[in-house]
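To start, the structure under review is shown below, and the notes come after it.
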Amino acid sequence: QVQLVESGGGLVQPGGSLRLSCAASGFTFSNYAARWYRQTPGKERELVAGISSTAGSTNYADSVKGRFTISRDNAKKMVYLQMNSLKPEDTAVYYCNAKMGNFFEHWGQGTQVTVSA
């Protein structure tokens, strides 16, 4: 059974940090690029960060550059998002995504991140 399961979300104060984790199972994770997206009510899902299958390249949304870091461990079938200097506008449901080519794509169920004093 193909699964992506996110964890690590929660409530944090502005300026704080969280580390999101995503556990993959049921497919060859090391063949897939991985991404983190986020979504708030009434808005489209936004790409936050991406990492290639071998972790050789990463990319970030301008809004999180210098604050967020994406990483992966293919041996553990995990992808991570370290989020520092969090702002209230980072509040969203964060989704893990794995994609290979144009036809193979998997999504997690999402984890809520709330940044509030």
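Summary table below
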{"quantity": "Pick from region 100-110, criterion open to solvent by 40 Å² or more (accessible area, probe 1.4 Å) and in contact (Cβ under 8 Å) with a residue 40 or more places away in the chain, ranking: farthest from THR54 (Cα to Cα)", "calculated": "GLN109"}
{"quantity": "Every residue from region 64-84 that is over 12 Å from LEU18 (Cβ atoms), outside any strand (DSSP E or B) and among the charged types (D, E, K, R)", "calculated": "LYS65, LYS76, LYS77"}
{"quantity": "Tabulated pairs, region 78-99, first without any contact (Cβ under 8 Å) to a residue 12 or more places away in the chain, second open to solvent by 30 Å² or more (accessible area, probe 1.4 Å) and among the small types (Gly, Ala, Ser), C-beta under 7 angstrom, 6+ apart or interchain", "calculated": "none"}
{"quantity": "Among (1) on the phi < 0 side of the Ramachandran plot; (2) open to solvent by 70 Å² or more (accessible area, probe 1.4 Å); (3) not hydrophobic (A, V, I, L, M, F, W, C), the one test that GLY42 misses", "calculated": "(1)"}
{"quantity": "Pick from region 48-63, criterion out of contact with any Gly (no Cβ under 9 Å at 6 or more places or on another chain) and open to solvent by 60 Å² or more (accessible area, probe 1.4 Å), ranking: nearest to ARG19 (Cα to Cα)", "calculated": "ASP62"}
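The values are calculated or read from the model by the stated rules, or taken from the named source; none is laboratory data. What you see is a predicted model; the values in this text were computed from it and never measured. A quick note on method: Cβ atoms are made from the backbone with ideal geometry, for glycine too, and the neighbour counts reach across all protein chains shown. Heads up: the accessible areas ignore ligands, DNA and RNA and are worked out on the full protein's heavy atoms, side chains in. Shrake-Rupley method; radii C 1.70, N 1.55, O 1.52, S 1.80 Å.
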